[in-house]
Every structure is written in structure tokens, then in C-alpha cells.
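One structure below.
The values are calculated or read from the model by the stated rules, or taken from the named source; none is laboratory data. Small disclaimer: the values here were computed from a predicted structure and weren't measured. Here the Cβ is made from the backbone with ideal geometry for all residues, glycine too, and neighbour counts use every protein chain on show.
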Amino acid sequence: MQSDRDLRRLLQDIDHRGYPSYKQTAGRWDFGGFILSIDHVQGDPFASPSNVSVIIDGKKAGFPQEYVKEKHRRVALEDYLLRLFSKALSRQQVDRAGSGKSGHLSTSRPGQEILERTAMSVSEKDGRVTARFEVGFPAHGRTVFVRPLERIFYDLLPKIVEECFYYDRADKKRIADVTDLADDVLALRGELVKRGLSAFVADGSILARESGVSQRPMKDAVAFVSPESLSVTVELPHRGAVSGMGVREGIFLIVGGGYHGKSTLLSALERGVYDHIAGDGRELVVTRSDAVKIRAEDGRSIRSVDVSLFINDLPNKADTSRFSTEDASGSTSQAAGTVEAMEAGTSLLLVDEDTCATNFMVRDELMRRVVASEKEPITPFIARMKQLYIETGISTVLVAGSSGSFFGVADTVIQMDEYVPKDVTDEAKAVYAGAGEAAGGTESAADFRKPDDRRFAQGVPSWKKPGARVKSKVLSVDAFSIDRDNVDLRGLVQIVDREQTAALAAALKYLGMHVFDGRKTVCEAVDLLFGEIERKGLSVLFDGSTVRMGFAMPRREELIGAVNRWRKLAVRRG
């Protein structure tokens, strides 16, 4: 390994030469307090910035093993360090006067959720810290412009490394608080199963968000207070006794007038599958980690999904036990999404009536009188949700604002009144009984959970050829393209970060090249990949190439959902 002095001499030697001369800087350079690794050099000043990382020896970094040895604490520490690093980079005044991406300097910018990311890693074995970022190597036109790069490498980076990555100079109380919160949230998640709860919302939580485009907590928002009848108290390792609303297993119905907080509560629950930073307001809102939000997705592709639980006897005689379409309706897409979540092994469905297909959700008594049951191929969700819980253990949290029919199947009903929840279960049941309407859920179903026997025939054969290059591109947080094939993820609303989408694209590429062989089911293939990630980290997704910033850990449920929405792969059953 060469020294920082060698790099400086090299930079001075290539100054004002053609831009490709920067390629000579690739490699590792010892700066004494850290190693500078130039992992990939952009080929042109207008291309994507160069990938660079700093590596700090574990003994020099000095973070105690108590923060590193357990994964949940280590991820919390990594998240904290990344936020420090990102802020430190953003504060720097870098000369951007050159051409193209000259002087660009950035790393990942986490949101309110705490996610494992490739931008920052702390080694479980020796405490080594690796921080990955991007640098736009400066240029005049298309020639090397060294002076701003020297300032970044020799002035800015050493100060930032000292500021962010040495424990003896760190805010030790803040680090302890961050990792203690991770302990408390992990313990709280464990309490859900023990107590028969689908979710927990701590008293004092701030659920409302700043705006439709910001996940920061709303100022002066109404703090959450549990109804006394649903209040539970849990003992956490660091915070001690914490009280809040226990969302009970079964059918948990949320009602109330418009703008009173129904969807706000559900939104908090759907993001409760992730840990949140302190001060978010939802750091003690936790939901079963396998919870899946279900909605209608008009136009999505469905391939060989058994939707017969909900749809039968179609006029075109299509086989609904192996249902396929390239342009699903609202009801068929929601039926497929529900069954796919069941295949994935979810224990909790989250449903907001506002984003659902009405004919999939409910049929009232008047409609049943006009349209005979034998003329309606859809068995609505209301008729299945109770049995779904009884026979498979899958609970449902449902927001309803227009139909009181759900009162007949609900185990618990809360009303949101100006953001305050009230337990109205007894009142709702009495009103429903007084209306005299037959309760939903009377239809029978012989087989609620069929095994996932859908197999992707051969992956993508052209990808397996020697030297094959498969390109992927993130289009937005809810879409990416892979091999020029767009994958629409708008139905997977629990994706919270664009870097998760990037990781999903890489994961599909990996599955298509290495895992799908015609023998493994969808879930078996995904579980195989997640096992590799658990052992080796997100670096697996780079498939032999240099690890770079830009990936965040997706959930297993989202990867299964992405596979199911990938039109390119052929599916067979059995």
C-alpha cells in the first residue's frame, strides 16, 4: 500500500493531463489516521461521480465491543455515524467551478427510519469503520484539475474523519442513547408475540407528519394517548415501564370522520416495521416485522397466482387457481396481493379502504338482493378476513370510513376523534346488531393457505452467458428498470427509501443470474438470497464488483413483492 505522499506526487504529475489520467489514482493510500480507498474512478467529468471510501482501523476508531457485537446495536451505531458523516460532508465548501460533476461530495442521507446501508459499516470482528461516499473528480473541460481534489483529500477528509469516527472524541452519551433505543425497540417487538399483539403505539407518540412530502414529525401535533381499555404497559431494558395502545390480534378496525387521523395511524403502523430515530415521534410505534400493506394495483401483472379464495367462476372461464393477466383490475390485483402476502408468510395485513377496490372489500345487503351470489365471481374480503385469522393466524388492521358492515366481523373497533383514539367496540357491535344485517364472513373456504409452489422456470438465460452485462437503473423510490424492463413497485408502499429500491433491483438481478433454476419456489429463492445477505452483508448484491454506497436493506416482503411484479420472468406451478 502506498502513502498519502505518493498520491500527492501522482496527482501533481497528472495535473492538466487528459481526464482519463485520474484512473491511475485507483487503489488504497495510507493517510496515517485512515486509509483512503479510491474504488472506482469516473471516466468523464460528466459521468457519475467516483466511488471513494475511508477505512479506519478498529483500534484507532475505538468503539467498544458492546456497541458492535450485536447486530441491532451495530446497525444503530452505523446509522448514527452515517448521519454525522453526511452532515459533515454537506457543510464543506468545495470548489464546484470545474466542468461536469467537479467537486461533488456526498454520501447517503438517511430519513427517519434506521436501515442497514452500504454507505457505512462497522466490522463485527474488529470494529473497523468503513465510510463510502462519492467525489466528483474536478476537471477543466476534459482535463485533470488537481487543486480542489487535493483540498478534499488532504484538508477536508482528515478533519471529517477525526470529527466523526474516533470514539475518544465522540458524544459518548449520544451513542449510548442510540444503542439503548435499539435495545428497547427490539425488546418491544418481542413483547408483541408474547402478548398477542399485532402492534404497539406508545403514549406520547407523535404520528402526524410535517407534510405530504416530509416524514418529519409535525410541530404542535396531538400526542397519542391510548384508550384505557386497550392500554398495556411493557417493561423495557432502558426506559423502564412504557404504556401505550396494544393493537390486538384478530380484526382491528379503525373508523372515524375524514381528517381525524385514521390513515395517519395506519401510516405509522405500516412504517412501524422499521426502527426510527430518536425524536421522530414514532420511535416506540412498532408493528409485526412481517406486516404487509395491501391495496388495489390496477394494471399490474399477475402470474399463476391462486386467487380462488376470492375470485371464482369468471365469465371467460379463466382458471382462478392459476390466474394470470398482464393488466389486472383493482379487485384481481388486490386478491393477488393478498394471496402473495399469505404465501410470503405474513401474520398481519394492513388495509386502508381509501386505496382498495370497493367490490373486493364488501358487498352490502341491497347489492346482494339485486345481483345474486351465483352471478358475482368475487367473494369480498369481509367474508374471508375472520376465517383468515381463525384458520391461519393472519390478523388484519383495517381503516374504514364508508361501510359499517365491517362492524360485524371486527374484534376491536376504535374511533379516531381529532387524532384521539376511542374504544367504541361495544357501541359498534350494538349498532350493527340493531341494523339486522347478516354478518359477513359466512362463506366457507376449504383451503386458506396453499403452499407456494410457483417456480420461476430458468431465470433469464441470456444473463447467464459469460461476460453478460445486465444494467439496472432506479427510476424513483417505487420503480426501477432492469435489462430495459421496468418494474413498478407502487403497490409496495412500505418501501421507504430510494436506496432500498436500488438494492431490490440488484437483488432481482442476482436472483435471475444465480438462483432461479426452475426448482425453487419464489419464497425459497428469496430466503436463499437473504441467508447469504445475513452471512456476508449487502456486499453480496454487488456480485463480485466493488462495494459502493447507495444500497439500503429491503425487507424480505418487498423483495418477494418485487419478484411477483417482474414481468420478464416466466412462472410455472408444481
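Being more than 24 Å from A187 (Cα to Cα), small (G, A, S) and under 27 Å from the mean Cα position of the chain (by Cα) is a description that does not apply to A97. Report whether or not T118 is of a type in the set (V, I, T), touching a strand residue (DSSP E or B) at 6+ places or on another chain (Cβ under 9 Å) and closer than 24 Å to A139 by Cα. Spelling it out, it is not the case that T118 is of a type in the set (V, I, T), touching a strand residue (DSSP E or B) at 6+ places or on another chain (Cβ under 9 Å) and closer than 24 Å to A139 by Cα. Among the residues of segment 51-94, those that are closer than 30 Å to P138 by Cα, out of contact with any His (no Cβ under 9 Å at 6 or more places or on another chain) and among the polar types (S, T, N, Q) comprise S53, S86, S90, Q92, Q93. Every listed requirement among (1) modelled with pLDDT under 90; (2) crowded, with 20+ Cβ neighbours inside 10 Å; (3) not small (G, A, S) is met by R469 save one, (2). May I ask you to list the residues in segment 193-224 that are assigned to a loop (DSSP other than H, G, I, E, B) and loosely packed, with under 15 Cβ neighbours inside 10 Å? Hits for segment 193-224 are R195, G196, G204, G212, V213, K219, D220, V222, A223. Would you confirm whether any residue within segment 144-166 is out of contact with any helix residue (DSSP H, G or I) (no Cβ under 7 Å at 6 or more places or on another chain), among the basic types (K, R), part of a strand (DSSP E or B) and closer than 23 Å to S3 by Cβ? No, that holds for no residue.
Considering only residues in segment 276-313 that are closer than 18 Å to E558 by Cα and either of a type in the set (D, E) or assigned by TED's automatic domain parsing to the domain that holds L492 (or both), the one that is surrounded by the fewest Cβ atoms within 10 Å (Cβ to Cβ) turns out to be D290. Selection over segment 550-563 of residues that are surrounded by fewer than 23 Cβ atoms within 10 Å (Cβ to Cβ) and in contact with a Phe, Trp or Tyr (Cβ under 8 Å, 6 or more places away or on another chain) gives a count of 1. In segment 512-533, the residues that are assigned by TED's automatic domain parsing to the domain that holds G544 form Cβ pairs under 9 Å with partners that are in a helix (DSSP H, G or I) and of a type in the set (K, R), at six or more places apart or across chains, as follows: G512/K464; M513/K464; H514/K464; C523/R556; V526/R556; D527/R556; F530/R556. Suppose we keep only residues that are among the β-branched types (V, I, T) and closer than 19 Å to T179 by Cα within segment 99-124. Which one would you say is surrounded by the fewest Cβ atoms within 10 Å (Cβ to Cβ)? Out of the qualifying residues, it is V122. Need at least 2 residues that are of a type in the set (V, I, T) and within 21 Å of the chain's Cα centre (by Cα) per element, so show me which helices (runs of 4 or more DSSP H) inside segment 289-405 make the cut, counting only ones lying wholly within it. Helices (runs of 4 or more DSSP H) meeting the threshold: 330-344.
Listed here are the residues, each with its yes/no results for (1) touching a strand residue (DSSP E or B) at 6+ places or on another chain (Cβ under 6 Å); (2) touching a residue at least 24 places away in the same chain (Cβ under 8 Å); (3) closer than 18 Å to V273 by Cβ.
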position: S289; (1), (2), (3): no, yes, yes
position: S301; (1), (2), (3): no, yes, no
position: D306; (1), (2), (3): no, yes, no
position: I311; (1), (2), (3): yes, yes, no
position: S329; (1), (2), (3): no, yes, no
position: T338; (1), (2), (3): yes, yes, yes
position: L348; (1), (2), (3): yes, yes, yes
position: V362; (1), (2), (3): no, yes, no
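Selection of first residues in segment 139-155 that are closer than 12 Å to I14 by Cα and of second residues that are aliphatic (A, V, I, L, M) and surrounded by 15 or more Cβ atoms within 10 Å (Cβ to Cβ), restricted to Cβ pairs under 6 Å at least 6 apart or on distinct chains, gives the following pairs, ordered by first then second residue: V144/I14; F145/A139; V146/L11.
Identification of strands (runs of 3 or more DSSP E) wholly contained in segment 225-275 with 2 or more residues that are modelled with pLDDT of 95 or more, buried (at least 21 other Cβ atoms within 10 Å of the Cβ) and touching a strand residue (DSSP E or B) at 6+ places or on another chain (Cβ under 7 Å) yields 240-248, 251-255. Contact annotation: residue pairs with Cβ atoms under 9 Å, 6 or more positions apart or on different chains, pairing a residue in segment 472-499 that is not assigned by TED's automatic domain parsing to the domain that holds K293 with a partner that is of a type in the set (F, W, Y) and at pLDDT below 95, are I482/W566; D483/W463; D485/W566; V487/W566.
Give the residue, chosen from A438, A410, that is at pLDDT below 95 and either out of contact with any strand residue (DSSP E or B) (no Cβ under 8 Å at 6 or more places or on another chain) or in a loop (DSSP other than H, G, I, E, B) (or both).
Just a single option satisfies the conditions, and that option is A438.
Among the residues of segment 468-494, the one identified as outside any strand (DSSP E or B), of a type in the set (G, A, S) and within 18 Å of D543 (Cβ to Cβ) is A468. Among the conditions (1) in contact with a Lys or Arg (Cβ under 8 Å, 6 or more places away or on another chain); (2) modelled with pLDDT of 95 or more; (3) among the aliphatic types (A, V, I, L, M), the only one that L309 does not satisfy is (2).
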